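Heads up, the thing below is written out as C-alpha cells.
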Amino acid sequence: MNRTVEMIIDGKPIELPTVVGSEGEVGVDISSLRNKTGCITLDPGYGNTGACESAITFIDGETGILRYRGYDIAELAEKSTFIETAYLLIYGNLPTRPQLVEFSDVLTENQMLHEGMRFHFENFPPSAHPMAILSAMINAASSYHPNLITKREECFPFHAARLISQVRTIAAFSYRKAQGLPTIYPKSSLKYTANFLHMMFSPHPGEDCELKPEIVKALDLIFLLHADHEQNCSTSTVRMVASSRANLFASASAGVCALWGPLHGGANQAVLEMLEEIHQDGDDGTKFLNQVKNKSTHRRLMGFGHRVYKNFDPRAVILKQQCDKVLSQLHKSDPLLDIAKKLEDVALHDDYFISRKLYPNVDFYSGIIMRAIGIPLDMFTVMFAIGRMPGWIANYKEVMADSDSRIARPRQIYTGATQRAYTPLEARS
Ligand code: ACO
C-alpha cells in the first residue's frame, strides 16, 4: 500500500498521498495542497519537483544508472544503434526486424526538405549560430505540414520519423550555408549517421567524401548517448510546450532553444572553448582550476557537475573510452585531451569538487571526439540536438497520450510591490 505523508500547516494536519515509481522512487502528490490549505510549494530550479510520471528513461544519479525503457545505457551503447534506440524510446520496445526496416524506410522517404525551405536558409546571415537556424527551420518545417495539427494522432509516426530525419538534413544544410559551400542532398543508400556525414563533408555534389566506419560509429554512439535524459531543461520545455497542445515541430523547436544554453547542451561547445583557452594560456589546468575554486571569478569547470548525477555520469565513462579509441584509430593526438584528462584527475581528488559531488558529465569528452571527427565547434550543440530528438519526441508522445494531461502552468510567490496608486508623469521624481 502506498504511504501517505502528513503535513501540519497552521496547526492543522493534512494527509497527502504518495506515488511510487517502478524503481521505488517516492513522490508526494501535492496536487490538492492549494485547495486544501491555500499554500503552494516553492522549488526554484525544480530540484525537488516531479513534473510528471514517465515510463521512458530512468536515472539513479546516486549510483550512476541510466536506462532507456529499462535497458542499461552501456548495453545499448555496445549493442544497439542510434536509430534502433530512437525506435525504442518512441515506441517503448526494441523493434522487430520488419519494424526496424519500416522505420528506416520512413526515415529515408522523409529525408528531403520541402524545396521551399531552401529559400529560408538564404536569409540567415553567415554569422548565424547553427542552433538559431535549427530551431527556426524546425518551426518553419511545421508550416509545410498542416496535418501535424489536423491529423495529429493518425500521422504521428510519419511526423516523428520526418523530424528525426530532417533535423539531420537541416543541420547539414546550415553548416554548408555558413561555410559558403554547395548543398549536398541526402543519399538514400546511406544509413542515418553516414548520410549525415555525407551531407556535411562531401566536397561537391557528385563527389562523395570517404566515410570511415570508425567515425560513423563514434558519431552514432554520441547520438545514442544523448538520445534521452528524462526531465532535463530542454525535455521539460518540450513537455511544457506540448501541454498547450502545440504541434510536435513547434515543441521540438522550443527544445532546441532550451538546449542551446551553456549550462545545458551548449556546455559541449563551452568545454572546448575552455580547453582551448587553457591551452593558449600555456596553463596545464592548475591556474584555471584555482580560478574556478575562487568563486569571485564566477568561472566554472565546464563539463563538470550535474543536477542529477552525484557519483558519475555513465555517458561520460563511455565517451572517455571512446575518445581514446577514436584518437588512436585516426592516429591523432590532441593536446586538449591531455588537458581534459589532467583537469579531470586533479578535480576528482580536490576537495572543492569532491565535497560538491562534481564529476565529468556527458559534455566533458564528447567535444574532443567531435573535434577529431572534424565537426566544427559551433555545430557541437547541434549534434546534441540531433541525438536528443527521439527523446523529445517520446516525451511529446507521452504528454499527448495522457488523457489526464493539463496545461503546464506553475505558480509563483509574488514578491513585488503591493497595490499603489498611479502617479501622473509630472508628479514623478
Ligand atoms: N564548476 C565549478 N563549480 C561548480 C560547477 C562547475 N562546473 N558546477 C557546480 N558548481 C558548484 C556551484 O558553484 C555550487 O557551489 P556552492 O554550493 O559553493 O554555491 C555547487 O557546485 C552546486 O552547484 P549548482 O549550480 O547549485 O548545481 P545545479 O544542479 O544547479 O547545476 C549544472 C548543475 C548546471 C550542470 C552545473 O553543475 C554547471 O553549471 N556545470 C557546468 C556546465 C555544464 O557542464 N553543463 C552541462 C550539464 S549536462 C547537460 O546538460 C547535458
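The values are calculated or read from the model by the stated rules, or taken from the named source; none is laboratory data. Fair warning: this is a prediction, and the values are worked out from it, not measured in the lab. So basically every Cβ, Gly included, is an ideal-geometry build from the backbone, and we count neighbours across all protein chains shown.
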What tally of residues in segment 340-353 results from selecting those that are in contact (Cβ under 8 Å) with a residue 60 or more places away in the chain and assigned to a loop (DSSP other than H, G, I, E, B)? 1
Any chance you could count how many residues in segment 151-183 are part of a helix (DSSP H, G or I) and out of contact with any Ser or Thr (no Cβ under 7 Å at 6 or more places or on another chain)? 22
Mind checking which pairs have a first residue in segment 354-375 that is on the phi > 0 side of the Ramachandran plot and outside any helix (DSSP H, G or I) and a second that is of a type outside the set (Asp, Glu) and within 15 Å of the ligand (Cβ to nearest atom), Cβ under 7 Å, 6 or more apart or different chains? Lys357/Lys310
Condition check: over 26 Å from the mean Cα position of the chain (by Cα) and surrounded by 12 or more Cβ atoms within 10 Å (Cβ to Cβ). Does Val19 satisfy that? yes
Identify all residues within segment 318-331 that are touching a residue at least 60 places away in the same chain (Cβ under 8 Å) and within 16 Å of the ligand (Cβ to nearest atom); write none if there are none. Ile318, Leu319
Out of the residues in segment 232-267 that are closer than 16 Å to Pro410 by Cα and small (Gly, Ala, Ser), state the one that is farthest from the chain's Cα centre (by Cα). Ser244
Answer residue from segment 153-168, given it is within 24 Å of the chain's Cα centre (by Cα) and more than 13 Å from Met389 (Cα to Cα) and is surrounded by the most Cβ atoms within 10 Å (Cβ to Cβ) among those: Phe156
Checked pairs for segment 398-414, first surrounded by 10 or more Cβ atoms within 10 Å (Cβ to Cβ), second in a loop (DSSP other than H, G, I, E, B) and of a type in the set (Ser, Thr, Tyr), C-beta under 9 Å and 6 or more apart or across chains, list as Glu398/Ser54; Glu398/Ser405; Val399/Ser405; Ala408/Ser244; Pro410/Thr49
So is Ala385 assigned to a helix (DSSP H, G or I) and touching an Asp or Glu at 6+ places or on another chain (Cβ under 8 Å) or not? no
Which numbered condition trips up Asp350, out of (1) among the acidic types (Asp, Glu); (2) under 27 Å from the mean Cα position of the chain (by Cα); (3) within 13 Å of the ligand (Cβ to nearest atom)? (2)
Which residue, of His229, His204, is at pLDDT below 95 and not aromatic (Phe, Trp, Tyr)? His204
Expected single match for touching a Gly at 6+ places or on another chain (Cβ under 8 Å) and of a type outside the set (S, T, N, Q) among Ala267, Ala252 is Ala267
Output for segment 106-119, where each listed residue is under 25 Å from the mean Cα position of the chain (by Cα) and either crowded, with 18+ Cβ neighbours inside 10 Å or not aliphatic (A, V, I, L, M) (or both): Leu107, Thr108, Asn110, Gln111, Leu113, Met117
Checking the structure you have, find out if any residue of segment 255-269 is touching a residue at least 60 places away in the same chain (Cβ under 8 Å), within 16 Å of the ligand (Cβ to nearest atom) and over 24 Å from Asn395 (Cα atoms). yes
Being over 21 Å from Asp378 (Cα atoms), part of a loop (DSSP other than H, G, I, E, B) and away from the ligand (no atom under 12 Å from the Cβ) is the requirement here; does Glu210 meet it? yes
Candidates Tyr87, Tyr91 - the one that is touching a helix residue (DSSP H, G or I) at 6+ places or on another chain (Cβ under 7 Å) and aromatic (Phe, Trp, Tyr): Tyr87
Please tell me if Ala77 is over 24 Å from Ala401 (Cα atoms) and surrounded by 14 or more Cβ atoms within 10 Å (Cβ to Cβ). yes
Any idea how many residues of segment 363-409 are of a type in the set (D, E, K, R), modelled with pLDDT of 95 or more and closer than 18 Å to His129 by Cβ? 1
Subset of segment 284-316 that is among the small types (Gly, Ala, Ser) and more than 8 Å from the ligand (Cβ to nearest atom) - its residue that is nearest to the chain's Cα centre (by Cα): Ala316
How about segment 93-150: which of its residues are assigned to a loop (DSSP other than H, G, I, E, B) and closer than 17 Å to Arg176 by Cα? Gln111, Met112, Leu113, Glu115, Asn123, Phe124, Pro125, Pro126, Ser127, Ala128, His129
